[in-house]
1. Quick check: with the 1.4 Å probe, what order do Ser44, Ser18 take by accessible area, largest first?
2. Going from most exposed to least, what order do Thr72, Thr20 have by accessible area with a 1.4 Å probe?
3. Tally up the carbon and sulfur contribution to the accessible surface of the range 40-106 as a whole percent, 1.4 Å probe, everything protein left in place.
4. Give the span of the chain's Cα atoms along each principal axis, as three whole-Å numbers ordered largest to smallest.
5. How much mean residue ellipticity at 222 nm does the chain get from its helices, if each DSSP H run of length 4 or more adds -39500 (n - 2.57) and you divide by all residues, to the nearest 500 deg cm²/dmol?
6. What base-10 log of the normalised intensity I(q)/I(0) is obtained for the range 1-60 from the Debye formula, alpha carbons as equal point scatterers, at q = 0.12, 0.23 Å⁻¹?
7. Would you mind getting the accessible area per residue of the chain, heavy atoms of the protein chains only, 1.4 Å probe, in Å²?
8. About its Cα centre, what dipole magnitude does the range 1-42 give when the only charges are +1 on Lys and Arg Cβ and -1 on Asp and Glu Cβ, stated in debye to the nearest 20?
Amino acid sequence: MTDDELIKEFIRVDRTGSETTIAVCEIQWDGPHTPVSNWKIAASFPAETTDDNVATVVAGILRDRHFFQVCTECNERKPNGWMMGNDTPLDSICQSCGERHHGVIF
């Protein structure tokens, strides 16, 4: 996915009369085939925050390893929920590359 596609699918910017919030979709797994999405507020600003400031924060969220990582094999940025996991030797590899190159079966 491109960064623009990731933003469209996994980052929400909500503006109300009193504030602007940026939420990120975090993916958890309830078993090997059941992703569960949870929207987490990553940033909050006064309502008058400019579009340029919001875009800067969104770009920073894409680079934040708490939310997204770049797979060391395919070099694509993916949500953390699509990575192999922090407790495996393949933690910096996406699930697709895990299946394709390392025999991982979900």
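1. Output order, biggest surface exposure first: Ser18, Ser44.
2. These residues rank, largest area first, as Thr72, Thr20.
3. Its accessible area is 50 percent carbon and sulfur atoms.
4. For the chain, the Cα spread along each principal axis is 50, 27, 21 Å.
5. Result for the chain, helices only: -8000 deg cm²/dmol.
6. For the requested q values the scattering log ratios are -0.34, -0.94.
7. Counting only protein heavy atoms, the per-residue value for the chain is 63 Å².
8. Dipole magnitude for the range 1-42 comes out near 140 debye.
The values are calculated or read from the model by the stated rules, or taken from the named source; none is laboratory data. All of these numbers come straight from a predicted model, not from anything done at the bench. Cβ atoms come from the backbone with ideal geometry, glycine included; neighbour counts cover every protein chain shown. SASA here: full protein model, heavy atoms, side chains in, ligands and nucleic acids out. Shrake-Rupley method; radii C 1.70, N 1.55, O 1.52, S 1.80 Å.
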